[in-house]
Each structure stands twice: as structure tokens, then as C-alpha cells.
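Peer 1: The structure's right below; bear with me while I get my questions together.
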Amino acid sequence: MQLYIDSAVPQEVEKMMALGIIDGVTTNPSLAAKAGMTYKEAVAKILKIVPDNISLEVLSTDAPGMIREGRALTKMGKNVVIKLPTTEEGLKALKVLTKTGIRVNMTLVFSANQALLVAKLGAYIVSPFIGRLDDIGQTGIDLIDEIRQIYDNYGFKTKILFASVRSPLHVKQAALASADIATCPYDVLEKLVKHPLTDIGLKKFLDDFKESGQKPLV
Ligand code: G3P
């Protein structure tokens, strides 16, 4: 499963790239605002850090506007993927952009039927927002299972991206449900490697070594 970072903070992206655990980035104007940066500033920096799979969101809500913006954003780099909202206008823009080879990530997906439509139109990525379904008392992961089954039934190649990740549990759920990608906030990525028993175990090895007065192997 690929891991993306869901962030507009270049330092966060840089750190996770250096660690070697991320394969892409999802970002949006809300994340940039939260980081106290303009979307433009944040994106310009991130495009230089990550070689591929950087999803950039359009701001237009009508198809012609989305198409125009999508084409312009694509010119910012070969590593750009265009993120469109899953509305009727979004579907129209998806059809046009994919026909010219532009990779599109269809976002704000909350149902299996929305996922079916975007796959039929050739989306590169579908982004169901699982955390937001959990927030309203639904079992978000069920949606990943449904989409996986539908895509496997018909051989759709659209990648399933588990979005709106809130915890390490979500990442495990994504992997168990055969999602292709999970996009995670920085703090969730940091938590993935941590386990208290690892720290306790490491301390014990080192203490035992020191107390027994042994010499290192090398
Ligand atoms: O990738 C989508 C993400 O930014 C949404 O996350 O936590 O606002 O539901 P959240």
C-alpha cells in the first residue's frame, strides 16, 4: 500500500520524504490556511520536494473552470495530479481531462456509486473520506470494502485512496481492506513507527549489555 502525506507544510513533507516512507502528497487550500501559508507558496515548495503524485485541488466549481484550472495546474510539473470534487460538474471535467492524459484524483467521495461513476470515466484515483463517515456514526471502512469489491468485479484500474485518515488504526484498516493508498496527516505518520514495547525492549537490551560489561561486536 502506498502512503501519502496529507499536508501543506513543506517541512513535514521533507521530513517524511527523507524517511523514505511516502509516495505522494495530497493537499488543499484548507491545509495551507491551517499552516499559515498561501496555497501557492506551499505548493511551489512541495513540487520541488516530491517527484510524483502530488494532488492539487482546483477551486472552480463549474466544469469549464475546472478544466481550465486543471490544465494550468498540470503545467506546474509532471508530478501533478489534479484533484476534482465529485459533483456533476466534476464528472464533466474528469471526462475531458482524462481524455488528454491528465491524471485526476476524484475527491469528497462518500458512496460506492460515486466511486463507480468516477472509475467508469477513467479517474486515476478515487478518494473516499473515511474519517468523515466515522464522524457521523457510520462505519467508514465498509465503503473501502465496497469500492474494492466493485473495482475488482469489473477490473477498474482506478486507485482507491483512503482519505480523511485520523489515526494509525485507520492506516491498518486501509491495508487490511486492500486500499491502494492511504493519505495521512503528519502526526499519524509519526505514530506509525512508535510502540512503547519497542522503546522498553531497546532500553532493556542496552541496559543488559552495559551491566554485563560485554564488549561490542564491532
Ligand atoms: O485528504 C482529505 C483530508 O484533507 C480531509 O481530512 O480530517 O478534514 O476529514 P479531514
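The values are calculated or read from the model by the stated rules, or taken from the named source; none is laboratory data. Keep in mind the model is a prediction, meaning the values are calculated, not measured. Cβ sites come from the backbone with ideal geometry, for glycine too, and all protein chains shown count toward neighbours. Surface areas here come from the heavy atoms of the whole protein model, side chains and all, with no ligands, DNA or RNA. Shrake-Rupley method; radii C 1.70, N 1.55, O 1.52, S 1.80 Å.
Peer 1: Name the residues whose placed amide hydrogens come within less than 5 Å of the amide hydrogen of VAL109, ignoring near sequence neighbours (fewer than 5 apart) on the same chain.
Peer 2: SER127, PHE129
Peer 1: Please report Rg over Rh for segment 1-105, where both radii come from the alpha carbon positions and Rh follows the Kirkwood definition.
Peer 2: 0.97
Peer 1: Another one. Can you pull the percent of segment 2-212's accessible area that's carbon plus sulfur, 1.4 Å probe, other chains left in place?
Peer 2: Within segment 2-212, the accessible surface is 58 percent carbon and sulfur.
Peer 1: Still on this structure, I have one more. Could you provide, to the nearest whole Å², the per residue accessible area of segment 62-116 with probe 1.4 Å?
Peer 2: Per-residue value: 47 Å².
Peer 1: Okay, moving on. Say R0 is 41 Å: what FRET efficiency, to the nearest 0.05, do ARG68 and VAL218 get from their beta-carbon distance?
Peer 2: 0.10
Peer 1: Another one. Normalised by the number of residues in the chain, what is the relative contact order in percent for Cα pairs under 8 Å and 6+ residues apart?
Peer 2: Relative contact order for the chain comes out at 17 percent.
Peer 1: Calculate one ³J(HN,Hα) per residue across segment 42-56 by plugging θ = phi - 60° into the Karplus curve 6.51 cos²θ - 1.76 cosθ + 1.60, and present them in order as whole Hz with x for glycine and proline.
Peer 2: Once rounded to whole Hz, the list reads 4, 5, 4, 6, 5, 4, 7, 8, 10, x, 8, 6, 10, 7, 10.
Peer 1: So who's got an amide H within less than 5 Å of the one on VAL58, skipping anything under 5 residues away but keeping other chains? H placed 1.01 Å off N, in plane.
Peer 2: LYS83
Peer 1: Per 10 Å bin, what percent of the C-alpha pairs of the chain does each bin hold, from zero upward?
Peer 2: In whole percents, the pair-distance histogram is 8, 31, 33, 15, 6, 5, 2, 0.
Peer 1: Express in whole angstrom the spacing between the alpha-carbon centres of segment 106-179 and segment 1-73.
Peer 2: Computed from Cα coordinates, the inter-centre distance equals 20 Å.
Peer 1: Can you give the convex hull volume per residue for the Cα atoms of segment 72-198, as a whole number of Å³?
Peer 2: So the per-residue Cα hull volume is 126 Å³.
Peer 1: Can I ask one more? Among GLY101, GLY77, GLY65, which one moves the most in a GNM of the chain with springs linking Cα atoms closer than 10 Å?
Peer 2: Taking springs between Cα atoms under 10 Å, the residue moving most is GLY101.
Peer 1: Charges at C-beta only: +1 for Lys and Arg, -1 for Asp and Glu. How large is the resulting dipole of segment 110-218 about its Cα centre, in Debye rounded to 20?
Peer 2: It works out to roughly 260 debye.
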